Amino acid sequence: MAKRSAPEVNAGSMADIAFLLLIFFLVTTTIEVDSGINSKLPPDIPPPEVKIKQKNIFTVELNKNNQMLVEGDLMEIKDLKAAALKFIDNGGGQSAEGERCDYCSGERNPESSDHPTKAIISITHSRATDYETFITVYDQLVSAYSELREKLAQKLYNRSFKEMEATYDDSKSSEFKSEKLKDKIENIKKKYPRIISKAEPQF
Amino acid sequence: MSKFKKKGSNELPAISTASLPDIVFMLLFFFMVATVMRDSSLKIKNNLPSAADTEKLGQKNLIMFIYAGPPSDSYKDRYGTEARIQLNDKLANINDIGAFVAAERATKREEEVPMLITALKVDKSTNMGLVSDIEQALRKAGQLKINYTTKKGSALK
């Protein structure tokens, strides 16, 4: 009896099938990871009555024409970061615990903020302000804080704050979720707490 | 003549396409892994503002999205041009946010609830009035962690 070999399966259409799937996933794909500015809302309870000295508050107002008033004066958004840095890092007085700011490099102007832990940035805006303007302003203020934290991290630990945070979250690094690193990060965050208050629009 | 003469024609042999499926499958697997399916189609314009100092949003399943912006062109006739909120698949009102948050929380495990983050994807032309209305509603619902989702880039023009 003659030996019959099994007929070969034609794989020519395999590519077509794969292409079909490929195109489907190409179309539905969105690769980018969302990123943005994290923020925390205040809890929905009436705020406690605390007396805050006017010099510890840095007021930023946005009007309906997207113009910005900083401490009562008109200012361009590009100058905001420098003004905020100067205010936060002033260190003119003492913290709530009665300590002077020994890591501040500001002017120590007694008319400006006492201590980074007491410095409050307050944003008020009109209901008609554009979201884009608000985000630009908020981004500038957040980046002022990041710059200060970055500088302090370099001074204290001789490494970048961003890199420290990334290392802490990186499961491949030797310092993944390490307590020591966490303390360092918390220490810097405590020295420059990001206090940005956002008032409800009144007008 | 010589015994090395090739028999048959001088045509080039056909290029084998047998490895083509392999290549395509490789691409296919890449996109399958990298893909994130859009779970809701947007009925509003969503041109996000850009910011420089951004942080990455963590675990995808611990984020709920609130979209806001003016209705897109195909929905203009029905909903006008005033900025609206979109929760999941449909346009909603401020009052619906509380129920939306509760529904999202119900789908998560109990220990995950405090880690939930609300990502606000708001069109850049939206008024801040709507944004602060959303924030007030979230405060009432006790959902305090938020993220203003932005594009990467310098915000200063």
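Any read-out appearing in this document is the output of simple, stated calculations on the displayed coordinates, not a laboratory observation. Small disclaimer: the values here were computed from a predicted structure and weren't measured. A quick note on method: Cβ atoms are made from the backbone with ideal geometry, for glycine too, and the neighbour counts reach across all protein chains shown.
In the stretch B:82-131, which trypsin sites (Lys or Arg not before Pro) fall in coil by DSSP and have 15 or fewer other Cβ atoms within 10 Å?
Loop-located and lightly packed - B:Lys108, B:Arg109.
In which sequence would B:Val131, B:Val122 go, from the one with the fewest C-beta neighbours within 10 Å to the one with the most?
Going from sparsest to densest Cβ surroundings: B:Val131, B:Val122.
May I ask you to order A:188-200, A:44-56 by the average number of other C-beta atoms within 10 Å around their residues, highest value first?
Numbers: A:188-200: 16.8, A:44-56: 9.0.
Top to bottom by mean Cβ count within 10 Å: A:188-200, A:44-56.
Can you pull the mean other chain C-beta count within 10 Å for peptide B:21-29? Display every interim value, and only then the final one.
Working: counts 9, 3, 2, 9, 7, 2, 6, 10, 4.
Taking all residues of B:21-29 together, the mean is 6.
Using +1 at the Cβ of each Lys and Arg and -1 at the Cβ of each Asp and Glu in the stretch B:1-145, identify which of B:Ala14, B:Thr126, B:Ile94 lies farthest towards the dipole's positive end.
Result: B:Ala14, furthest along the dipole toward the positive end.
Which ³J(HN,Hα) values in Hz, rounded to whole numbers, follow from the phi angles of the stretch A:57-70 under the Karplus curve 6.51 cos²θ - 1.76 cosθ + 1.60, where θ = phi - 60° and Gly and Pro get x?
Whole-Hz 3J(HN,Hα) from phi for the stretch A:57-70: 10, 10, 8, 10, 10, 10, 9, 6, 9, 6, 9, 10, 10, 10.
Per residue of the stretch A:5-12, what does 6.51 cos²θ - 1.76 cosθ + 1.60 with θ = phi - 60° give for ³J(HN,Hα)? Whole Hz please, x for Gly and Pro, Karplus curve as stated.
8, 5, x, 6, 7, 7, 9, x
Step by step: find N for the stretch B:50-152, compute 2.2 N^0.38 Å, then divide the Cα radius of gyration by it. What's the final number?
My calculation over the Cα atoms of the stretch B:50-152 gives 1.09.
Would you mind telling me which residue in A:Thr124, A:Thr59, A:Thr29 has the biggest mean-square fluctuation in a Gaussian network model of chain A, where springs connect alpha carbons within a distance under 10 angstrom?
Maximum among the listed residues: A:Thr29.
So what J values fall out for the stretch A:193-201 if you push phi through Karplus, 6.51 cos²θ - 1.76 cosθ + 1.60 with θ = phi - 60°, rounded to Hz, Gly and Pro as x?
x, 8, 10, 10, 9, 10, 7, 5, x
So what is the 222 nm mean residue ellipticity for chain A from helices alone, if each DSSP H run of at least 4 adds -39500 (n - 2.57) and you divide by all residues, rounding to the nearest 500 deg cm²/dmol?
Numbers: 5 runs with 73 residues, N = 203.
The per-residue figure over chain A is -11500 deg cm²/dmol.
So who's got an amide H within less than 5 Å of the one on B:Arg84, skipping anything under 5 residues away but keeping other chains? H placed 1.01 Å off N, in plane.
Amide H neighbours of B:Arg84: B:Gly69.
If packing is taken as the average number of other Cβ atoms within 10 Å across a peptide's residues, how do A:91-102, A:107-118 rank, most packed first? Spell out each step's value before the answer.
Working: A:91-102: 13.9, A:107-118: 17.6.
Per-residue Cβ counts within 10 Å, averaged per peptide and sorted highest first, yield A:107-118, A:91-102.
With the cut-off at 18 Å, tell me which of the pairs A:Lys198/B:Lys90; B:Lys45/B:Lys76; A:Lys53/A:Lys189; A:Lys40/B:Lys43; B:Lys60/B:Lys121 have Cα atoms farther apart than that.
Table pairs above 18 Å Cα-Cα are A:Lys198/B:Lys90; A:Lys53/A:Lys189; A:Lys40/B:Lys43.
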